[in-house]
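Trainee: Take this structure, written in structure tokens, and hold onto it; I'll ask about it next.
Quick note: the coordinates plus some simple rules give every number you see, no bench work behind them. As the structure is a prediction and not an experimental result, all values here were calculated from the model. Counting neighbours? That spans all protein chains shown, and the Cβs are built from the backbone with ideal geometry, glycine included.
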């Protein structure tokens, strides 16, 4: 077990799995996996062909070399957690409640944790959540998987922000979903565009099932959906009988702590809400949840159970103890200050070093800044040049369903201390400057 | 957190989730879920209609009443684990390696645990497993889910033993798989029957993708596939281009420790092998694995990643430490003796109390004994009579794809001390005797 030393060694930080997915996805445009001669190829499902792979996975190995500054991984910074105390808590859970912690549990998750999750959601702005309608899942990735399973037949449409979370794209495409982007701006999805897109797709005879949205600090763009657009977006979806799938892992991480209302807040029947402990506590425990409209809960719960039987009991007990006996809101305030400092450092470095022609978002929370290069530049080959220069990022093509090259790229500030963020940007700048010069 | 006291309190033991599934399944024959008036019903996928629910879930609550002897739950007996020491291990992992344990990890699982899993598989009789081809999953339930996802389009056939594991049935049917039973006897699947069934189904134009089998101590029947049939079954499948999905959670729990070779052992390209720590260590950690033929591994791995992103890191580190620093084979020997004692107690009680006309299997390992009542008796209504008499079991209809009533039932001996097993059977006997008398 190798544990990176805090701080200084973050340069050698491993890329998160989500990042690897993103890199893989970025490299797949137009490629088809080579077909082997084995007769088992004939056994693969149609959906298996939609599950991407790529030679870019090689980059993973390269990018782990020491000395590289990784602006790729969207990992939370766990160094500020009270690890010794958490260890003692884990010990007590196993020693005193081991027969429960190590045993099978209920498929919906423990009632205690579901009740506590309602308190977490109250902090997020949802005041009426009922533990009966909470389903605990293996991270919110698994909650997305179940949503696609319950609602989408092959060819059904899920509308989503463009760009959006690579893991959700992978999950939806694994169900042969037709993922369709909706245009947005620096304030998120534009209601008029959503309405137009729905009309367009319905005119083509498409069945639109879900709108998947990360309204707070979208991964990768960092954009927050404007509060004044939120109810209109739900209304448009309700009118068109489209369920909103609201993914809110970063909501509590708004730097100033003044949180906009989730889409779910005033719309209990129209929004399936996904939450996660990955960004506010510990992703390695894989505990997320879905708050499901009451009329859909039983369907959703049974489908979830058919995937994993039950969420890990020990992990639920550890999260429960953390919520009961630790100052979890204080920890979130610590994270807000920490991530704000890093975001500011990254933005200042970008201001200082970026060549003319590059623009970027200025997020109010979350983990990511989204860069736009001049039209015509493909950020994907720049990944390799970046690695040569000692910095790694995720090319924009990873996060979009739009075919062809992308002139965007994602920088993550969550896991990297301010000084290293500056170093990373300093290394990235000449790579981008050269690409811009070559583009003329 | 309620922890049942060891031993005496096993009567009030909660039903495992798998058991609840089984009960639910048993009650669904012919029922369709009531359609609500909500327009979201139109959003459900075709597969969602295959995900069962039932009023029998009410039985769950009833069956938790104190004083009931539960022969329903297939829970391992964790009381013999060194809980204090495991607690200290968990504490050390979080205190010393918390930044790794609580962080995202690789989608395939840690290399350390995948390497150790190859040693576990060596104990199971597979000598050539490569950690590169191991994918760690959220229990082997999740590994089954991924297999169905990668290989099965709606209408594709998975062949399976009848009866078979209820969780697998639920998982496969959630992908609209056409599950087709293959006839077996007290020595498992009959090769000639398998060949005939394949020919029959292929003649009907069906696409057969997988043979799902639990060759060692099948859940629910307790039957072991005869060693001399094993290679022939693989050969038949290879010839028909059907991949074998071998599920072996109970293999190491053969009472005499003389283990038959897994189907995978001599057939690395033809068998996708599923293993689990749920029965030999701790189900509450949800750590299982798939050993995938090399030519299919990348597909399988990427699909697994699209469901859960990565398996829980902390849980993997705890299992790794357990395998490194504990006498895990000694613990398995303890389990073998313990489960053999319970199995013997159950069989002796059946010999003593069962009325004429009831027959049952005599397993050499695993957790379950399978009872057959005279033809014409439906075991499902007897469930309620059993509960009234203070004993709960799982009706046979749960474990079969055959429509209509079942005259079978499953008794689990794993979680119940010998004296209570005797009490349970003593309570069950008059219920069955009355049903037999009424059947004339």
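Trainee: Please work out the ratio of the alpha-carbon Rg of the range B:103-325 to 2.2 N^0.38 Å and round it to two decimals.
Mentor: Rg over 2.2 N^0.38 Å, computed on Cα atoms: 0.96.
Trainee: Additional query: Enter the mean number of other protein chain beta carbons within 10 Å of the beta carbon of each residue in A:376-386, as an integer.
Mentor: Details: counts 0, 0, 0, 0, 0, 0, 0, 0, 0, 0, 0.
Other-chain Cβ atoms within 10 Å of each residue's Cβ, averaged: 0.
Trainee: Using all Cα-Cα distances in the range B:88-223, what percent lands in each 10 angstrom bin from 0 up to the longest?
Mentor: Spelled out per bin, shortest first, that is 10, 29, 32, 19, 7, 2, 0.
Trainee: Take every DSSP beta bridge with both residues inside the range B:103-325 and express the antiparallel ones as a percent of the total, to the nearest 5. The partial results should precede the final answer.
Mentor: Details: 10 of 27 bridges.
Bridges in the range B:103-325 are about 35 percent antiparallel.
Trainee: Note the distances from residue A:207 to each other copy's matching label point, with points 7 Å along the Cα-to-beta-carbon direction, in nm, sorted shortest first.
Mentor: So the label point of residue A:207 gives 1.9 nm to the other copies.
Trainee: With runs of 4+ DSSP H residues as the only contributors, calculate the mean residue ellipticity of chain A at 222 nm using -39,500 (n - 2.57) per run, divided by the residue total and rounded to the nearest 500. Could the numbers behind the result be given before it?
Mentor: Values: 13 runs with 181 residues, N = 440.
Here the helix-only value at 222 nm equals -13000 deg cm²/dmol.
Trainee: Can you list, shortest first in nanometers, how far residue B:92 lies from the same residue in the other copies, with each label 7 Å from Cα toward Cβ?
Mentor: 2.2
Trainee: Taking the range A:40-160 as the region of interest, what is the percent of Cα-Cα pairs per 10 angstrom bin, listed from the shortest bin to the one with the maximum distance?
Mentor: 8, 20, 30, 27, 14, 0
Trainee: If you don't mind, there's one more thing I want to ask. Using a 10 Å cut-off around each Cβ, can you sort B:377, B:287, B:436, B:233 from fewest to most neighbouring Cβ atoms?
Mentor: So the ranking, lowest neighbour count to highest, is B:436, B:377, B:233, B:287.
Trainee: Something else now. If I take the Cα coordinates of the protein assembly as shown and project them onto the principal axes, what are the three extents in Å, biggest first?
Mentor: 90, 57, 52 Å, listed from the longest principal axis down.
Trainee: For label points placed 7 Å from Cα toward Cβ, what is the shortest-first list of nm distances from residue A:119 to its copies?
Mentor: Those separations, rounded to one decimal, come out as 4.2 nm.
Trainee: At a Förster distance of 22 Å, what's the computed FRET efficiency of residue B:241 paired with residue B:115, Cβ-Cβ distance as r, to 0.05?
Mentor: Efficiency computed from Cβ-Cβ geometry: 0.10.
Trainee: If you take the C-alpha gyration tensor of the range A:167-227, multiply each eigenvalue by 5 and take the square root, what semi-axes do you get, largest first, in whole Å?
Mentor: 21, 17, 7
Trainee: For residue A:196 and residue A:341, what does the FRET efficiency come to when R0 = 51 Å and r is the distance between their Cβ atoms, rounded to the nearest 0.05?
Mentor: After rounding, the FRET efficiency stands at 0.80.
Trainee: Related question: Given the convex hull over the Cα atoms of the range A:206-252, what projected area results after averaging over all orientations, in nm²?
Mentor: Its Cα hull, projected and averaged over all orientations, spans 3.7 nm².
Trainee: Taking just the alpha carbons, could you work out the radius of gyration and Dmax for chain B, both in angstroms?
Mentor: Answer for chain B, Rg first and Dmax second: 21.4, 68 Å.
Trainee: Just to verify a number: FRET efficiency for residue B:127 and residue B:79, C-beta to C-beta distance, R0 = 41 Å, to 0.05?
Mentor: 0.80
Trainee: Continuing with the same structure: Can you compute the modelled spin-label distance between residue B:203 and residue A:269, with each label point 7 Å from Cα toward Cβ, in nm?
Mentor: Modelled inter-label distance: 5.4 nm.
Trainee: Right, next: Please give the length that would be gained between residue B:294 and residue B:333 if that part of the chain were fully extended, namely 0.36 nm times their separation in residues minus their C-alpha to C-alpha distance (nm, one decimal).
Mentor: Working: separation 39, 0.36 × 39 = 14.04 nm, distance 3.22 nm.
Additional length available on full extension: 10.8 nm.
Trainee: Now for a separate question. Counting DSSP beta bridges in chain B, what percent are antiparallel, to the nearest 5?
Mentor: Antiparallel bridges make up about 50 percent of those DSSP assigns within chain B.
Trainee: Using only Cα atoms, locate the centre of the range A:345-378 and the centre of the range B:358-386, then give the distance between them in Å, rounded to an integer.
Mentor: Between the Cα centres of the range A:345-378 and the range B:358-386 lies a distance of 67 Å.
Trainee: Could I ask something else about it? Using alpha-carbon pairs under 8 Å, 6+ residues apart, how would you state the relative contact order of chain B in percent?
Mentor: Taking the mean separation of contacting Cα pairs over the length of chain B, I get 23 percent.
Trainee: Stokes-Einstein at 20 °C, 1.002 mPa s, Kirkwood radius from Cα pairs: D for the range A:257-370 in µm² s⁻¹?
Mentor: Taking Rh from Cα pairs, D becomes 123 µm²/s.
Trainee: What does DSSP give for the protein assembly as shown in terms of the percent of beta bridges that are antiparallel, rounded to the nearest 5? Walk me through the intermediate numbers first.
Mentor: Working: 40 of 78 bridges.
Here the antiparallel bridges make up roughly 50 percent for the protein assembly as shown.
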